[in-house]
Amino acid sequence: MGVPKRRMSKMRMRTRKAANRLQATQTAVCAQCGARARPHRVCPSCGYYKGRQIVSVNAA
Ligand SMILES: [Zn+2]
């Protein structure tokens, strides 16, 4: 069975583990209503994408 020859340094270990860390969802400001929305997707608050209304959003 393979046995590690040297103890892995803290930096090396942390650098590797950093790739598995969760990151906050990226958001972009909607050009139509100014709300934060995920980029390259129809805005959930106004239903616009690329300056056109794609879906109608019912204001509650
Ligand atoms: Zn919007």
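The values are calculated or read from the model by the stated rules, or taken from the named source; none is laboratory data. Not measured: the values here are computed from a predicted model. Backbone-built Cβ (ideal geometry, glycine too); neighbour counts: all protein chains shown.
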Limited to region 9-32, what total is found for residues that are surrounded by 10 or more Cβ atoms within 10 Å (Cβ to Cβ), modelled with pLDDT of 90 or more and in a loop (DSSP other than H, G, I, E, B)?
2
Being near the ligand (Cβ under 9 Å from one of its atoms) and of a type outside the set (Val, Ile, Thr) is true for just one of 32, 53, 26. Which residue is that?
32
